[in-house]
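Enquirer: Here's a structure for you.
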Amino acid sequence: GKVLVTGANGYVAVWVARTLLEQGYTVRGTVRSESKAAHLRKVFASYADKFETVVVDDITKAGAFDEAVKGVDAIEHTASPYHFKAGDPDELIVPAVHGTTRILESALAYGDAVRRIVVTSSTAAIMEPKSGPYTYTELDWNDSAVEAVRTKGRAASQPDKYRASKVLAERAAWEFVEKNKERVSWDLVTLNPPFVYGPALHEVDRPETLNESMHSWFHSVFKNLHEPKQLGVIGGGWIDVRDLAEAHVLAIKRPEAGGERILVASGEWKWQDWINAARSYGVPTSTGDDSYDSATAVHSMRFNTTKASQLLGLKYRSIEQSTRDIVEDFKARKWI
Ligand code: NDP
């Protein structure tokens, strides 16, 4: 089969494209400009006859993906801004929402062969703040981020601007499908991962140009971004980028995943867990908190990933496995 991957030069997308190619698929990747395709052609040189790129310079324009969707059997829509530098929330919301709507519109109009569309959403679209311990499921929606952006506008927090963009984009996707259910020849899957960590395959020449999640990982684990006493306190959920890529492939392969919102997460962490793992590979790290005991760490926010195991049979790498490969990657780049 042939699969369209949007934003193919992104951190997650390059691993999605690679996993598809490894499993025999042909891949068409969209990028915003021709200059962003060069690195991809290098990375996928051994798949020259199975990998192509097309330029979609503005994903928010009507008809943006009309040509790109022709002849593909499935779509992985990953393109969406993920950064904490927005002034007006619309800097994130417009490309997130319109980019998602445009791909669905083009698939409806010209994607005659399309059977499955996977949209990369996020736990950002799920994790509405709670006052006590809580286990999130696919039934949760982060409406409070949307409310924060609606009431505060530019003064909303950077994370809330990003979270609102993910909620609104995912809701737009489900609403589009509901509105057009008599006319579509495909179904929708959304994947909702927490922080994505793991080695980088996309074009990165220095730590400053890492994508948002790995940028924070690098500075937290190696560059003393946090006070040592915060390292056993600050945490979250995560998934290895290669497991997330596998989830994207499984999401197009498994018929029973159609129409489902799927939370994919490996587990919970505190920064000190990553620092301990990095130290076990013998590299100098940020100053740690030696009083931290991972066995007694309190993770008040957890994720229920039953659906991912039932529908996708997804397996996850551990903090140690993932750290080993990130350390190797950063060493090869001479950043550590
Ligand atoms: P990257 O920043 O590495 O990649 C983002 C991709 O989206 C790039 O191809 C980028 O193109 C494209 N893009 C960003 N803004 C626009 C825009 N305004 N118009 C068109 N294209 C745009 O991020 P990730 O790989 O980390 O993220 C990929 C997806 O995964 C996103 O949907 C993100 O929300 C989601 N996600 C990521 C998580 C993480 O921890 N990394 C966690 C949960 C979800 P260009 O290079 O040209 O800017």
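Read the figures in this text as sums done on the coordinates, not as results from a lab. Since the structure is predicted, the reported quantities are computational estimates derived from the model, not experimental observations. Using ideal geometry, Cβ is built from the backbone for each residue, glycine included, and neighbour counts are taken over all protein chains shown.
Enquirer: Work out, step by step, the length gained on full extension between SER318 and VAL298: first 0.36 nm times the residue separation, then minus their alpha carbon distance; give nm to one decimal.
Expert: Numbers: separation 20, 0.36 × 20 = 7.20 nm, distance 1.84 nm.
Here the segment from SER318 to VAL298 would lengthen by 5.4 nm.
Enquirer: In whole Å, what is the distance between the alpha-carbon centres of segment 148-176 and segment 321-336?
Expert: So the two Cα centres are separated by 34 Å.
Enquirer: Still on this model: Using Cα-Cα distances under 8 Å and only pairs 6 or more residues apart, what relative contact order does the chain have, in percent?
Expert: Values: 652 pairs, mean separation 58.6, N = 336.
About 17 percent, as a whole number.
Enquirer: Something else about it: So what is the relative contact order for segment 1-81, in percent, with contacts set as C-alpha pairs under 8 Å and at least six apart?
Expert: That works out to 43 percent.
Enquirer: Can you give me the distance in nm between label points at ASP88 and THR306, each placed 7 Å from the Cα along the Cα-to-Cβ direction?
Expert: 4.4
Enquirer: A further question follows. Work out the FRET efficiency for TYR134 and ASP205 from their Cβ-Cβ distance, taking R0 = 51 Å, and round it to the nearest 0.05. Before the final figure, lay out the partial values.
Expert: Values: r = 40 Å, r/R0 = 0.78.
After rounding, the FRET efficiency stands at 0.80.
Enquirer: Between TRP174 and GLN158, what length in nm is gained on full extension when 0.36 nm per residue of separation is reduced by their alpha carbon distance?
Expert: Working: separation 16, 0.36 × 16 = 5.76 nm, distance 2.50 nm.
That works out to 3.3 nm of additional length.
Enquirer: Report the antiparallel proportion of the DSSP beta bridges in the chain as a percent, rounded to a multiple of 5.
Expert: Values: 4 of 35 bridges.
So the antiparallel bridges amount to about 10 percent of the total.
Enquirer: On a 0 to 90 degree scale, rounded to 10, what angle separates helix 90-110 from the longest Cα axis of the chain?
Expert: So the inclination is approximately 40 degrees.
Enquirer: When the helix-only estimate is applied to the chain (DSSP H runs of n ≥ 4, each -39,500 (n - 2.57), divided by the residue count), what is the mean residue ellipticity at 222 nm, nearest 500 deg cm²/dmol?
Expert: Working: 10 runs with 127 residues, N = 336.
My calculation for the chain gives -12000 deg cm²/dmol from helical runs alone.
Enquirer: Still on this structure, I have one more. Below 8 Å, C-alpha to C-alpha, sequence gap of six or more: please give me the relative contact order for segment 72-218 in percent. Please report the intermediate quantities before stating the final value.
Expert: Numbers: 213 pairs, mean separation 46.1, N = 147.
Here the relative contact order equals 31 percent.
Enquirer: Enumerate the residues in segment 45-68 having an amide nitrogen under 17 Å from the point lying 7 Å beyond the Cα of SER33 toward its Cβ.
Expert: Once the point is set 7 Å along Cα→Cβ of SER33, 54-60 turn out to lie under 17 Å by backbone N, inside segment 45-68.
Enquirer: Does anyone have the angle between helix 241-253 and the longest principal axis of the chain? Alpha-carbon axes, 0 to 90°, nearest 10?
Expert: That helix lies at roughly 30 degrees to the long axis.
Enquirer: Also: Mind checking the full-extension length gain between GLU227 and LYS42? Use 0.36 nm per residue of separation minus the Cα-Cα distance, one decimal, nm. Please list the in-between numbers first.
Expert: Details: separation 185, 0.36 × 185 = 66.60 nm, distance 3.99 nm.
Extending this stretch completely gives an extra 62.6 nm.
Enquirer: By how many degrees, between 0 and 90 and to the nearest 10, does the Cα long axis of helix 212-222 differ from the longest principal axis of the chain?
Expert: Taking the Cα atoms of the chain, the angle to 212-222 is about 20 degrees.
Enquirer: Also, I was wondering about something else. Return the subset of LYS85/LYS331; LYS2/LYS181; LYS70/LYS179; LYS2/LYS50; LYS253/LYS315 for which the Cα-Cα distance in this structure is over 20 Å, preserving the input order. Spell out each step's value before the answer.
Expert: Working: LYS85/LYS331 29 Å; LYS2/LYS181 23 Å; LYS70/LYS179 22 Å; LYS2/LYS50 9 Å; LYS253/LYS315 16 Å.
Table pairs above 20 Å Cα-Cα are LYS85/LYS331; LYS2/LYS181; LYS70/LYS179.
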